[in-house]
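Reviewing the structure listed below.
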Amino acid sequence: MINALNDAIEKIGVFGGPIAKIIAVAAVLIIGFITIKIINGVLKKALSRSRLDEVLHKFILNCTKVVLLILLVLIVLSVLGISMAPFVTVLGTCGAAVALALKDSLSNFAGGILIMINKPFGKGDFIEVGGVSGKVHEIDLMSSKLVTLDNKIITIPNGRLSTDTVINYSDQTTRRVDCVFGIGYGSDIRQAKEIIAKVIAESPMFIDDPAPVIGVKDLDDSAVLIEALAWCANSDYNAARYYLKEQVKIELDKAGVDIPFPQVTVHMAEK
């Protein structure tokens, strides 16, 4: 198509001189703008059907438009008989200088694109990265914002999010509650396990599949540590964890099961 257009322009230029060149440039601009609009419209429909993030849609459309406009300018310069080599050289030099100056920003930018394509987390997910945790509030091309449990906004560069280990607590529908309870060495282990199992079974927050697991985790210096692993819906995690700790303590007290605490015995030397 471009070759045919160039041939037509050359023929017009031969017969019409400068006026024909102006007409040819105007024709190129009109056809170019119409073509850009058509391409952007087709691309917009294709992106709307894709699984890419909406922020990435806008970026792709803008980049495509800029590239097509640059191409149109180069075609116009070619029609006017102006050599494009100096412009290409200047663009290449400027591009290298900008890339070097914005190295960190480009890293964050590339990280943002990777996040939007791979989708390791989405808006509303509760994540943890580098010791910082919170609900994802916003995902941009350069950085992402988290809202902590105490309502603080934390902005993290996307370059870090794309390379660091990210824990997504919201990705799965269920989550396991892990609790450890200490009982005295003189207490009945089986009785304590039965009490914990009863507390889990009586709460609607815990699910039966996977089944809860209760067993002796360790023999500590002053206590037998019993670990309870019970599953619940992701949305009930915090409530289920608090409930299990509190209710087991209450039931162990009712049954007279000893719950030891750290003690220090001091021996006084005789003078």
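Rule-based calculations on the coordinates, nothing more; no lab input. The structure displayed is predicted, hence computed values, not measured ones. Note: ideal-geometry Cβ built from the backbone for every residue, glycine included; neighbour counts use all protein chains shown.
Residues of region 190-227 falling in the label zone of residue 258, defined by backbone nitrogen less than 13 Å from a point 7 Å along Cα to beta-carbon, are 222-224. A Förster radius of 41 Å, combined with the Cβ-Cβ distance separating residue 203 from residue 163, puts the computed FRET efficiency at roughly 0.50.
Taking 7 Å steps out from each Cα toward its Cβ at residue 219 and residue 180 produces label points 1.7 nm apart. Within region 148-185, name every residue whose backbone N is under 12 Å away from a label modeled 7 Å from Cα of residue 229 along the Cβ vector. Only 176-179 pass the distance filter. A cut-off of 5 Å between modelled amide H atoms, ignoring neighbours fewer than 5 places along the same chain, links residue 140 with 145. Taking every Cα-Cα distance in region 174-254 and sorting them into 10 Å bins starting at zero, the pair-distance distribution P(r) comes out as 19, 54, 24, 3 percent. Projecting label points 7 angstrom from Cα along Cα→Cβ for residue 26 and residue 147 puts them 5.6 nm apart. So if we plug the beta-carbon distance of residue 19 and residue 46 into 1/(1 + (r/R0)^6) with R0 = 41 Å, what FRET efficiency do we get, rounded to 0.05? Calculated value: 0.50.
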